[in-house]
There are 2 protein chains.
Amino acid sequence: MNGYRDLRIGLLGCGSVGAQVARLILEHGDELAARIGARLTLAGIAVRNVDAPRDVELPRELFTTDAERLVQGSDIVIELMGGIEPARTLITQALQGGADVVTANKALIAAHGPELSEAAEQVGAQLSYEAAVAAAIPILRPLRESLAGDHITRVLGIVNGSTNYILDRMDRFGDSAEDASRVASELGFLEADPTLDVEGYDAAQKATILASIAFHTEVPVDAVHREGITQITAEQIEAAKSAGYVIKLLAIAERLQAADGTDGVSARVYPALIRRDHPLAAVHEGKNAVFVEAEAAGELMFYGAGAGGAETASAVLGDLVSAARRHVVGGPGIPGSLHAELPILPVGEVMTAYQIMLEVRDQPGVLASIAGILAERGVSAASVEQTVARGGAGDEPSAALVIGTHRAREADLAATVEALRAAEVVTAVTSVLRLEGQA
Amino acid sequence: MNGYRDLRIGLLGCGSVGAQVARLILEHGDELAARIGARLTLAGIAVRNVDAPRDVELPRELFTTDAERLVQGSDIVIELMGGIEPARTLITQALQGGADVVTANKALIAAHGPELSEAAEQVGAQLSYEAAVAAAIPILRPLRESLAGDHITRVLGIVNGSTNYILDRMDRFGDSAEDASRVASELGFLEADPTLDVEGYDAAQKATILASIAFHTEVPVDAVHREGITQITAEQIEAAKSAGYVIKLLAIAERLQAADGTDGVSARVYPALIRRDHPLAAVHEGKNAVFVEAEAAGELMFYGAGAGGAETASAVLGDLVSAARRHVVGGPGIPGSLHAELPILPVGEVMTAYQIMLEVRDQPGVLASIAGILAERGVSAASVEQTVARGGAGDEPSAALVIGTHRAREADLAATVEALRAAEVVTAVTSVLRLEGQA
């Protein structure tokens with residue numbers, strides 16, 4: 001393997017992903033050189049503690065605690081430290097120095113992606129972060145490049161493996177929420193602080209990144225409407241199942257027209273019902289999948305592992321090879337593209353459908369009164385089903401109703417639920433879930 | 001939208017895909033310009049008959065019958081004529097003149113891909129053909145770029161929508177093969193000459209392309225082992241269903257070690273059983289999906305429409321935008337990569353498992369005799385199930401057996417089936433199917 005020029009790779013961080021990245025660069029050196037036309041030389045690995053144990057045995061002389069110096073001497077920097085600082089400063093220094101940067105840091109990209117892309121663009125460097133969303137699954141490159149001539153209309157992602165694991169156990173084994181969470185925790189699916197997962201923060205960061213790329217628009221993570229799975233009960237899972245649905249935590253990015261005609265973008269995360277014959281319904285355990293709808297391409301789905309050291313390393317290596325090829329052939333990197341600058345619409349503007357479960361007084365005129373509440377807010381029922389009639393509180397007989405609405409504005413649907421809660425004939429609203437994945 | 005340079009696009013062919021490509025270029029001009037940094041100007045559309053009816057209304061002055069002259073004046077040529085000639089000559093002329101070429105022509109790429117890639121590489125032009133495999137689904141770019149740092153071990157593709165439609169109808173509605181084919185034909189899923197689909201020729205062309213890209217090796221289409229679906233019966237579909245399997249026509253590309261230790265590549269197309277909980281089992285109707293296994297990334301699946309004018313046009317546009325960006329930033333295209341030059345192994349070297357259905361004489365010692373036939377060829381049974389016992393030909397009672405083997409060399413499995421056919425205790429071998437999608 002003579003005649004190749006060397007490209008110096010600086011690796012920041014050596015956790016489960018970093019160790020696998022280092023291993024792949026060292027073990028596949030000849031093959032990578034043949035594919036790239038240049039040899040990747042691992043110049044160093046910056047860590048906090050040189051003597052910490054690693055997943056993979058790596059030459060000790062590669063390790064350094066001087067990340068800044070490593071960055072200065074690298075053609076391509078791979079950032080796998082996580083967190084905002086010092087990652088943000090080091091990446092900025094690398095880009096300003098003309099190095100390409102590959103990162104898996106979703107929190108950083110969600111918070112500072114546009115600023116970092118701007119730094120890259122100013123010097124013609126490449127910033128890439130395929131591993132930041134859905135780990136091993138190639139999704140950002142297909143959105144950015146393969147669908148570059150199409151109009152993406154909607155992205156529905158199962159992008160958090162932990163919550164999918166919990167919901168899947170509840171669905172397939174009838175676990176309670178507590179039992180499913182305990183198993184997920186024991187298997188290492190949940191962080192020590194599970195809030196990032198179960199409250200949807202992690203999924204919201206990914207929704208930001210997906211929406212920004214799909215719609216060429218800066219979507220701040222604060223603008224993502226976010227609901228987690230902590231309110232989901234075994235009863236809701238069971239009811240969904242018998243009605244032919246499954247509950248999934250979805251990260252949704254969507255082109256949308258507001259009530260006043262404004263074209264904009266919605267980014268949101270919430271648990272929702274999807275039909276069992278939808279391709280996303282078959283995504284089990286900790287797997288991830290991203291379902292994409294585009295004007296010309298129609299429906300596409302990208303499925304695979306959403307976590308794991310080797311799996312995430314595969315995506316990092318893909319970005320690394322692209323960056324290295326750019327060094328070989330010359331020319332600037334593909335800039336981040338935020339040219340559309342669409343407004344971000346509030347969740348109230350979203351068109352969706354609700355499934356509402358109620359307990360009502362078992363007396364004449366109840367259905368008419370409920371139908372009136374829906375109609376007043378412009379919401380129409382697609383189905384009304386009376387399930388079991390049972391004894392209510394005190395002496396009064398009550399009945400359980402399941403209302404499926406047609407698609408309507410989220411604001412009108414939410415107002416309808418409030419009105420139902422306040423209605424004299426309604427004794428309890430027991431479940432409200434959105435229905436997604438429909439035309 | 002001032003200040004952009006113009007890129008001249010020459011379109012060859014204006015069938016269902018070509019008309020959509022022309023429409024998208026014309027309708028999305030401003031947006032494409034913003035994404036690319038250059039304006040795409042449709043320089044002309046070469047057709048045989050300028051006055052033929054089109055799917056889309058297009059300016060008449062764009063049409064020409066002089067394809068050669070159009071090619072000479074274009075920065076990027078999009079070839080959607082299909083067939084080998086004159087497409088091959090025109091593409092070669094375009095590449096030799098330094099133009100980039102985008103094509104959806106699977107027959108041409110399967111037969112002459114390496115020669116055309118070589119022509120592109122000599123002048124630093126880009127040849128791309130995402131739309132040639134699985135239409136709208138981004139698969140070639142992820143294989144070539146996203147997984148560039150990984151080792152792909154196996155690709156299992158449902159890449160022919162017509163045969164998937166037929167098999168899916170037989171599975172889900174209990175149709176006979178004839179009824180399912182008739183419906184597929186009526187809905188336009190089948191060509192006038194359905195042989196290309198049902199005999200697996202179309203899938204074999206795609207297997208060639210997938211194997212070449214996944215394994216960096218020239219895989220001639222003649223080296224693809226090919227079996228179609230014409231022998232599949234409703235009885236086999238039904239038996240598969242009750243055993244928890246579904247029959248799919250698979251295009252398989254696989255890294256393989258031969259019995260003598262040679263590392264090589266297998267490319268093959270045949271109908272096979274896959275478990276119902278495998279992600280490929282949920283691919284219904286005319287949809288396509290490609291399931292990829294890689295050392296680091298694990299299991300990935302890419303799902304979507306495998307045909308259609310607009311759908312295929314989406315993939316063509318993605319390649320077009322990439323080619324156009326290359327013109328803007330400069331530098332050569334990504335060359336076709338066939339550096340691994342692995343040997344293509346015959347189907348006999350493949351490791352697979354068989355499901356064999358037999359009718360046997362209902363007499364003592366039958367099982368022992370059958371077990372002996374397997375053992376002599378190094379094949380071991382994973383399961384033996386006696387299904388219905390029924391009256392045989394004449395007076396003799398007979399029984400039906402279903403044998404599932406463990407994984408073994410295809411050559412040994414095929415020899416085992418031959419020995420079973422010849423065995424005195426076996427009255428008939430009623431079904432032989434391979435079992436794929438397992439570790």
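The values are calculated or read from the model by the stated rules, or taken from the named source; none is laboratory data. Everything quoted here is computed from the prediction, not taken from an experiment. Because the Cβ atoms are built from the backbone with ideal geometry, glycine has one as well, and the counts that use them run over all protein chains shown.
Can you confirm whether B:S146 is within 13 Å of chain A (Cβ to nearest Cβ), within 24 Å of B:Q20 (Cα to Cα) and not aliphatic (A, V, I, L, M)? Talk me through it step by step, then tell me what you get.
On the way: within 13 Å of chain A (Cβ to nearest Cβ): yes; within 24 Å of B:Q20 (Cα to Cα): no; not aliphatic (A, V, I, L, M): yes.
So B:S146 fails the test.
For the structure I just gave you, tell me whether B:V328 is out of contact with any Pro (no Cβ under 8 Å at 6 or more places or on another chain) and at pLDDT 95 or above. Lay out the reasoning, then the answer.
On the way: out of contact with any Pro (no Cβ under 8 Å at 6 or more places or on another chain): yes; at pLDDT 95 or above: no.
Criteria not met by B:V328.
For every residue, the table says whether it meets (1) assigned to a loop (DSSP other than H, G, I, E, B); (2) under 30 Å from B:H112 (Cα atoms).
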| site | (1), (2) |
| --- | --- |
| B:A184 | no, no |
| B:F189 | yes, yes |
| B:T208 | no, yes |
| B:I213 | no, yes |
| B:V219 | yes, yes |
| B:I229 | yes, yes |
| B:I237 | no, no |
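Conditions tested, residue by residue: (1) in contact (Cβ under 8 Å) with a residue 40 or more places away in the chain; (2) under 26 Å from A:T387 (Cβ atoms); (3) in contact with a helix residue (DSSP H, G or I) (Cβ under 8 Å, 6 or more places away or on another chain).
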site	(1), (2), (3)
A:A203	yes, no, yes
A:L210	yes, no, yes
A:E218	yes, no, yes
A:D222	no, no, no
A:H225	yes, no, yes
A:Q236	yes, yes, no
A:A258	yes, no, yes
A:G261	no, no, no
A:A281	no, yes, no
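Report, by residue number, each residue of the range B:332-348 that is in contact with an Asp or Glu (Cβ under 7 Å, 6 or more places away or on another chain) and within 17 Å of B:E254 (Cβ to Cβ).
Within the range B:332-348, B:L342, B:V347, B:G348 qualify.
I'd like to check something: does the range B:149-165 contain any residue that is over 12 Å from the mean Cα position of the chain (by Cα), part of a helix (DSSP H, G or I) and within 14 Å of chain A (Cβ to nearest Cβ)?
No, the conditions are met nowhere in the range B:149-165.
What residue, among those in the range A:328-345 that are more than 10 Å from chain B (Cβ to nearest Cβ) and crowded, with 16+ Cβ neighbours inside 10 Å, is nearest to B:E145 (Cα to Cα)? Let's see the steps before the verdict.
Keep residues of the range A:328-345 that are more than 10 Å from chain B (Cβ to nearest Cβ), which gives A:336, A:338, A:341-345.
Right, trim to crowded, with 16+ Cβ neighbours inside 10 Å and you get A:336, A:338, A:342, A:344-345.
Details: A:G336: 18, A:L338: 23, A:L342: 30, A:I344: 32, A:L345: 34 Å.
Among them, the one singled out is A:G336.
Which of the residues spanning the range B:1-52 are in a helix (DSSP H, G or I), in contact with a Lys or Arg (Cβ under 6 Å, 6 or more places away or on another chain) and either outside the structural domain of B:I76 (by TED's automatic domain parsing) or free of Cβ contacts under 8 Å to residues at least 40 places away in the same chain (or both)?
So in the range B:1-52, the residues in a helix (DSSP H, G or I) come out as B:16-27, B:29-36.
Keeping just the survivors that are in contact with a Lys or Arg (Cβ under 6 Å, 6 or more places away or on another chain) gives B:19, B:33, B:36.
Selection gives B:A33 alone.
What number goes with the only condition from (1) part of a loop (DSSP other than H, G, I, E, B); (2) out of contact with any Ser or Thr (no Cβ under 8 Å at 6 or more places or on another chain) that B:P138 does not pass?
Checking B:P138 against (1) part of a loop (DSSP other than H, G, I, E, B); (2) out of contact with any Ser or Thr (no Cβ under 8 Å at 6 or more places or on another chain), the one that fails is (2).
Checking the condition modelled with pLDDT of 95 or more, at negative phi and in the same structural domain as A:R54 (by TED's automatic domain parsing), which residue from A:V269, A:V316, A:V290 passes?
Values: A:V269 fails: in the same structural domain as A:R54 (by TED's automatic domain parsing); A:V290 fails: in the same structural domain as A:R54 (by TED's automatic domain parsing).
Of A:V269, A:V316, A:V290, the one residue that is modelled with pLDDT of 95 or more, at negative phi and in the same structural domain as A:R54 (by TED's automatic domain parsing) is A:V316.
Do we have A:A192 as buried (at least 18 other Cβ atoms within 10 Å of the Cβ) and of a type outside the set (S, T, N, Q) here?
Details: buried (at least 18 other Cβ atoms within 10 Å of the Cβ): no; of a type outside the set (S, T, N, Q): yes.
Criteria not met by A:A192.
On the given criteria, is A:G298 without any contact (Cβ under 8 Å) to a residue 12 or more places away in the chain and either outside the structural domain of A:A400 (by TED's automatic domain parsing) or closer than 30 Å to A:V183 by Cβ (or both)? Give the steps one after another, and end with the answer.
Details: without any contact (Cβ under 8 Å) to a residue 12 or more places away in the chain: yes; either outside the structural domain of A:A400 (by TED's automatic domain parsing) or closer than 30 Å to A:V183 by Cβ (or both): yes.
In short, yes.
Within the range B:423-439, how many residues turn out to be surrounded by fewer than 16 Cβ atoms within 10 Å (Cβ to Cβ) and farther than 24 Å from B:V350 by Cα?
So the count comes out to 2.
Evaluate the range A:109-118: report whether one residue or more is more than 10 Å from chain B (Cβ to nearest Cβ) and without any contact (Cβ under 8 Å) to a residue 24 or more places away in the chain. Can you show your working first?
Restricting attention to the range A:109-118, the residues satisfying the condition of being more than 10 Å from chain B (Cβ to nearest Cβ) are A:109-118.
If we keep only those that are without any contact (Cβ under 8 Å) to a residue 24 or more places away in the chain too, we end up with A:115.
Yes: the range A:109-118 contains one or more residues that are more than 10 Å from chain B (Cβ to nearest Cβ) and without any contact (Cβ under 8 Å) to a residue 24 or more places away in the chain.
Of the residues B:G97, B:G124, which single one is within 14 Å of chain A (Cβ to nearest Cβ) and surrounded by fewer than 24 Cβ atoms within 10 Å (Cβ to Cβ)? Reasoning before the result, please.
Details: B:G97 fails: within 14 Å of chain A (Cβ to nearest Cβ).
Result of the check over B:G97, B:G124: B:G124.
Hey, does the range B:414-421 have a residue that's modelled with pLDDT under 95, closer than 25 Å to B:E238 by Cβ and of a type in the set (D, E, K, R)?
Initially, the range B:414-421 is screened for residues modelled with pLDDT under 95, giving none.
For the range B:414-421, residues modelled with pLDDT under 95, closer than 25 Å to B:E238 by Cβ and of a type in the set (D, E, K, R): absent.
How many residues does the range A:257-286 hold that are part of a strand (DSSP E or B) and surrounded by fewer than 20 Cβ atoms within 10 Å (Cβ to Cβ)?
Let us first name the residues in the range A:257-286 that are part of a strand (DSSP E or B), namely A:257, A:263-275.
Still in the list and also surrounded by fewer than 20 Cβ atoms within 10 Å (Cβ to Cβ): A:257, A:263-264, A:275.
Here the count works out to 4.
Might you let me know whether the range B:141-157 holds any residue that is over 30 Å from A:G309 (Cβ atoms), surrounded by 18 or more Cβ atoms within 10 Å (Cβ to Cβ) and touching a residue at least 12 places away in the same chain (Cβ under 8 Å)? Reasoning before the result, please.
Our first condition is that a residue be over 30 Å from A:G309 (Cβ atoms); within the range B:141-157, this holds for none.
No: the range B:141-157 contains no residue that is over 30 Å from A:G309 (Cβ atoms), surrounded by 18 or more Cβ atoms within 10 Å (Cβ to Cβ) and touching a residue at least 12 places away in the same chain (Cβ under 8 Å).
Go through the range A:328-439 and tell me which strands (runs of 3 or more DSSP E), entirely inside it, have 2 or more residues that are touching a residue at least 60 places away in the same chain (Cβ under 8 Å) and more than 30 Å from A:V101 (Cα to Cα). Walk me through it before giving the result.
Numbers: elements: A:351-361, A:381-391, A:397-405, A:426-435.
Qualifying strands (runs of 3 or more DSSP E): A:351-361, A:426-435.
With the requirement that a residue be out of contact with any helix residue (DSSP H, G or I) (no Cβ under 8 Å at 6 or more places or on another chain) and within 15 Å of A:E285 (Cβ to Cβ), what does the range A:186-198 give you? Show your work before the answer.
From the range A:186-198, those out of contact with any helix residue (DSSP H, G or I) (no Cβ under 8 Å at 6 or more places or on another chain) are A:186, A:188, A:192-193; that's our starting set.
Listed by number, the residues that qualify are A:E186, A:G188.
I need the full set of residues from the range B:301-327 which are at the interface with chain A (Cβ under 8 Å from one of its Cβ atoms), touching a residue at least 24 places away in the same chain (Cβ under 8 Å) and either outside any helix (DSSP H, G or I) or over 30 Å from B:A94 (Cα atoms) (or both), in order please.
Passing the criteria: B:F302, B:Y303, B:G304, B:A305, B:G308.
What number of residues within the range B:8-48 satisfy the criterion of being touching an Asp or Glu at 6+ places or on another chain (Cβ under 6 Å) and either among the charged types (D, E, K, R) or more than 13 Å from chain A (Cβ to nearest Cβ) (or both)?
Of the residues in the range B:8-48, the ones touching an Asp or Glu at 6+ places or on another chain (Cβ under 6 Å) are B:8, B:12, B:16, B:19, B:39, B:41.
Filter again for either among the charged types (D, E, K, R) or more than 13 Å from chain A (Cβ to nearest Cβ) (or both), leaving B:8, B:12, B:39, B:41.
Total satisfying the criteria: 4.
For the range A:62-91, how many residues meet the condition of being surrounded by fewer than 23 Cβ atoms within 10 Å (Cβ to Cβ) and in a strand (DSSP E or B)?
Residues flagged as surrounded by fewer than 23 Cβ atoms within 10 Å (Cβ to Cβ) and in a strand (DSSP E or B) within the range A:62-91 amount to 2.
Which residue, of A:A240, A:A253, is within 30 Å of B:G309 (Cβ to Cβ) and more than 13 Å from chain B (Cβ to nearest Cβ)?
On the way: A:A240 fails: within 30 Å of B:G309 (Cβ to Cβ).
Going through A:A240, A:A253 in turn, the sole match is A:A253.
Can you name the condition, by its number, that A:R172 falls short on among (1) within 27 Å of A:L435 (Cβ to Cβ); (2) away from chain B (no Cβ under 14 Å); (3) of a type in the set (K, R)?
Checking A:R172 against (1) within 27 Å of A:L435 (Cβ to Cβ); (2) away from chain B (no Cβ under 14 Å); (3) of a type in the set (K, R), the one that fails is (2).
May I ask you to say which residue of B:A214, B:A184, B:A204, B:A134 is buried (at least 24 other Cβ atoms within 10 Å of the Cβ) and at positive phi?
Values: B:A214 fails: at positive phi; B:A184 fails: at positive phi; B:A204 fails: at positive phi.
Every option except B:A134 fails the conditions.
Taking the range B:102-135 on its own, how many of its residues are assigned to a strand (DSSP E or B) and closer than 26 Å to A:A38 by Cα?
Selection size over the range B:102-135: 2.
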